[in-house]
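Below is one structure, written out as structure tokens; the observations come after it.
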Amino acid sequence: MKHALVTGITGQDGAYLADFLLKKGYRVFGTYRRLSTPNFWRLQYLGIFDKVELLPVDLLDSFSITEAIKIAQPDEIYNLAAMSFVGASFEQPLASAEITGLGVVKFLEAMRNIAPDVRFYQASTSEMYGDNLFTEQSEDTLFEPSSPYAAAKLYAHSMVKIYRKGYGLFACNGILFNHESPIRGLEFVTRKITNAVAKISLGLEDYIELGNIDAKRDWGYAPEYVEAMWLMLQQDEPDDYVVATNETHTIREFLEVAFDHVGLDWEKYIRIDERFMRPVDVRYLKGNYDKGREKLGWEPLTKFSGLAEIMLKSDVERWKKWVNGEHFPWDAWNYPNEKKILSRKLKLDR
Ligand code: NAP
Ligand code: G4F
């Protein structure tokens, strides 16, 4: 039986990947952080909490990484752990560098020393392209990061290539464009919208506050994207691949589709708030995944409006259940009102 070690198993992709690997017959070890309050709702939501084996790891702590590799004896490592919210990386640039950037090198070094034959997947990102292009992006496009998060991810991406070339590690970068689902974190714009639209449609909220709604993203469906991660590690040679839908839409369009599903006019419920603007934003992402289609045989099935519908239906259903007093694994019921959070990322007044 193959062993997989998945970092960030409590996150969206970690949970879906664990589910995917279990169905493939893997023994799945997942790393989690020992938080004061456990955060396993996604694994419970997917019904796999009892099927995965958990190991406490913090990417700030090399020792915990080496221990996890020794215990799990993995054939494949999927490094999905990161401080993944771009907005927060402006508030905590040093933590971003330490966790999202240097954390990856701790894995590469541990592999080089104690597990050189393990196959390694690194969660790279379209955010690395930055805000410099208005044409679609592929593996050959120039990276020009425009957030602390993207800069940290580009460092990690480069180190993966260096360890692959320099030490012969089987290490791949998956340059994934935005991918969403009903278990996407509430910080991210799609889920923030579907959660709020569900509440508005049930009379539980009056409006949504958003930042730059003209930004364009290439949004896909997360359960399909984790298959591409696995496919990369099944190839004869390690390489880097873009995973995307090759469609791009604004946040405005996402609002339109989401509100349409509940028969409301989105413009009546939106307030633009400076607090949700970033010092620098990425305005345009559209991925060219021709290489992945040809070499991995991967193709996205769920596109923009289908994705919005899946997310919205799920959030409406959850809020209805909650109103009826039902209990189930879920994040939104105790999520703090964002107004309570003072952000440090606003531009300086001059
Ligand atoms: P996510 O839901 O935010 O999950 C991130 C995971 O990282 C969580 O399990 C989190 O643990 C863990 N983590 C954070 N800091 C850590 C630390 N110091 N030590 C150990 N674990 C830590 O993110 P996601 O959407 O699943 O994304 C997975 C990966 O793909 C991330 O690396 C992200 O940057 C990258 N990515 C995502 C997308 C996307 O659109 N989703 C696109 C491209 C790349 P806690 O639960 O304890 O916080
Ligand atoms: O949903 P977002 O926060 O995702 P973003 O910044 O694109 O990052 C996500 O995708 C990356 C891949 O490209 C991943 F690497 C990363 O880990 C993460 O998963 O924001 C999307 C867009 C941005 O332009 C943002 O400025 O939505 C805009 N936006 C407008 N109002 C907002 C809001 N974003 C958030 N989170 N909250 C708002 O109120």
| In segment 3-25, residue nearest to P223 (Cα to Cα) [restricted to those that are open to solvent by 10 Å² or more (accessible area, probe 1.4 Å), part of a helix (DSSP H, G or I) and touching a Lys or Arg at 6+ places or on another chain (Cβ under 8 Å)] | Q12
| query | Being of a type in the set (F, W, Y) and within 16 Å of ligand 2 (Cβ to nearest atom), is that true of even one residue in segment 80-97? | reply | yes
| task | Please specify each residue of segment 27-36 satisfying the condition of being more than 10 Å from ligand 1 (Cβ to nearest atom) and either hydrophobic (A, V, I, L, M, F, W, C) or loosely packed, with under 10 Cβ neighbours inside 10 Å (or both). | result | V28, F29, S36
| task | Mind listing whichever residues of segment 26-53 are out of contact with any helix residue (DSSP H, G or I) (no Cβ under 8 Å at 6 or more places or on another chain), under 23 Å from Y221 (Cα atoms) and part of a loop (DSSP other than H, G, I, E, B)? | result | Y26, N39, F40, G47
| request: State whether one or more residues within segment 148-157 are among the aromatic types (F, W, Y) and either part of a loop (DSSP other than H, G, I, E, B) or away from ligand 2 (no atom under 15 Å from the Cβ) (or both). | output: no
| query | What are the residues in segment 206-217 that are among the acidic types (D, E) and either on the phi > 0 side of the Ramachandran plot or near ligand 2 (Cβ under 8 Å from one of its atoms) (or both), if any? | reply | E209
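From the list E139, E127, E209, exactly one residue is open to solvent by less than 50 Å² (accessible area, probe 1.4 Å), part of a strand (DSSP E or B) and acidic (D, E). Which is it?
E209
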| task | Name every residue in segment 212-266 that is touching a His at 6+ places or on another chain (Cβ under 6 Å) and among the aliphatic types (A, V, I, L, M), in order of residue number. | result | A222
| Criterion (part of a helix (DSSP H, G or I), free of Cβ contacts under 8 Å to residues at least 24 places away in the same chain and more than 12 Å from N178 (Cα to Cα)) met by exactly one of E237, E253, E267 | E267
| field | Output for segment 212-222, where each listed residue is closer than 26 Å to K320 by Cα and not in a strand (DSSP E or B) | value | A222
| Name the residues in segment 187-201 that are open to solvent by 10 Å² or more (accessible area, probe 1.4 Å) and either of a type outside the set (D, E, K, R) or in contact with a Phe, Trp or Tyr (Cβ under 8 Å, 6 or more places away or on another chain) (or both), would you? | E187, F188, V189, N195, K199, I200, S201
| query | Out of all the residues in segment 74-120, which are open to solvent by 60 Å² or more (accessible area, probe 1.4 Å) and either in contact with a strand residue (DSSP E or B) (Cβ under 9 Å, 6 or more places away or on another chain) or not in a helix (DSSP H, G or I) (or both)? | reply | D75, Q92, P116, D117, R119
| field | Residue check, L43 surrounded by fewer than 22 Cβ atoms within 10 Å (Cβ to Cβ) and not small (G, A, S) | value | no
| message | Can you tell me which residue is farthest from V160 (Cα to Cα) among those in segment 54-73 that are out of contact with any helix residue (DSSP H, G or I) (no Cβ under 9 Å at 6 or more places or on another chain) and open to solvent by 60 Å² or more (accessible area, probe 1.4 Å)? | response | I71
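Quick grid of which residues meet (1) open to solvent by less than 40 Å² (accessible area, probe 1.4 Å); (2) in contact with a Leu (Cβ under 7 Å, 6 or more places away or on another chain):
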| residue | (1), (2) |
| --- | --- |
| M229 | yes, yes |
| P238 | yes, no |
| T248 | yes, yes |
| V262 | no, no |
| I272 | no, yes |
| F276 | no, yes |
| query | Out of (1) surrounded by fewer than 14 Cβ atoms within 10 Å (Cβ to Cβ); (2) free of Cβ contacts under 8 Å to residues at least 40 places away in the same chain, the odd one out for W322 is which? | reply | (1)
| request: Could you please give the count of residues in segment 299-337 that are more than 14 Å from L204 (Cβ to Cβ) and either in a loop (DSSP other than H, G, I, E, B) or at pLDDT below 95 (or both)? | output: 14
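The values are calculated or read from the model by the stated rules, or taken from the named source; none is laboratory data. All figures in this text were calculated on a predicted structure; none of them were measured in a lab. So basically every Cβ, Gly included, is an ideal-geometry build from the backbone, and we count neighbours across all protein chains shown. Keep in mind that these areas ignore ligands, DNA and RNA; they rest on the heavy atoms of the full protein, side chains included. Shrake-Rupley method; radii C 1.70, N 1.55, O 1.52, S 1.80 Å.
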